[in-house]
Every structure is written in C-alpha cells, then in structure tokens.
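FYI, it's all coordinate maths here, none of it is from the lab. Being a predicted model, the structure only gives us computed values, none of them experimental. All Cβ positions, even for glycine, are placed from backbone atoms using ideal geometry, and neighbour counts span all protein chains on display.
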C-alpha cells in the first residue's frame, strides 16, 4: 500500500467525532458559497462522508477512490451514486463532467499533486475544493509534517494547473482551499 494513504480502519472514517473535527457542514457551506452547483465529484471519496453531505444538499454526486473496499463502504451510505475505481491523477470522468470537484484530505496522498489538480480542472466546470491538514506540525494526529502540503505549494500548483482564483479558509483543525475556474 502507498505509504501516505490512510491505512486505518474504515469504520473510523464515519465517527461523529471525526465529522465534527472535519467541520463537514461548514466545509460544504464554504464549498458551495457563491456558485450554483448541481453536481460534484468527490475524489478520494473514502467512506463517502462528504459525498453524502453534498448529496443531502441536493447535488448529484459521483465518487472515485483507489480502494474498492472504500467504494463498497461509500455505496452503503450513498446508494445509487456513481462510484468508480481510479486515481486523482487520472480521473475516470469526461471533461467538464461536474460543477464542483472536492478533494478531502487527499491531495497530500497523491503521487503527483499538480497532475491531480490538472485533472480536477479538466473534470470540474466551476470550482475545485481542497481540504487538507494544517502545515504547522502542532497537531498530535494526522500525517507527519513531511507529508503535509503548505499553502504556498497548493497555491503554486493551482496556478500551474490553470485555476484563476485561489481562496483559503482556516478551519479549526484543517485548511480549506477554494480553486475557481473563473
């Protein structure tokens, strides 16, 4: 297994404590702010926690993950959703497939973050949202600092990928980056 990928118990991904830690509702609010999105792709969907929350807001949801086990778990929580096996660096969706692309706690796990953002831009019509660990090393949990991504890295990759606007939001425990097409 890839050393930067989550290798814990999949059930841990659905705990209410984790949902609060990740501020799911606030993330969804910020992700949708200022756009009229009808569809989204959850890249690295895992257990489908965010995909389910977007679906509850009325969006048509699709998900992609490198793990069939995770896709099976997500299918239990968001039945009928298009779930596909694939990598962030080569998304199994057509150009301009959805309004929004969401990458929750995933960009730091990719082999090629710039390529993952280029793929997000190709697939998304309006916006890509990146939720990541803070790059401060102050948290006692999460990946080691050397696996985390700084704002400077994400900002530069987003520019290189072709995004026009970059906005960051500091959450209680995490960072949220909004990358807009226009």
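Values as computed for the structure displayed
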| read-out | value |
| --- | --- |
| Label point distance in nm, residue 168-residue 38, each placed 7 Å from Cα along Cα→Cβ | 3.5 nm |
| Spin-label model distance (nm) - residue 69 vs residue 136, 7 Å beyond Cα toward Cβ | 3.3 nm |
| The chain: most fluctuating residue of 119, 146, 23 per GNM, C-alpha cutoff 10 Å | 146 |
| Alpha-carbon radius of gyration plus Dmax, which is the widest Cα pair, for segment 10-180 in Å | 14.5, 40 |
| Cβ-derived FRET efficiency at R0 25 Å, residue 146 paired with residue 76, nearest 0.05 | 0.15 |
| Residue 84/residue 112 FRET efficiency (R0 25 Å; Cβ-Cβ; nearest 0.05) | 0.85 |
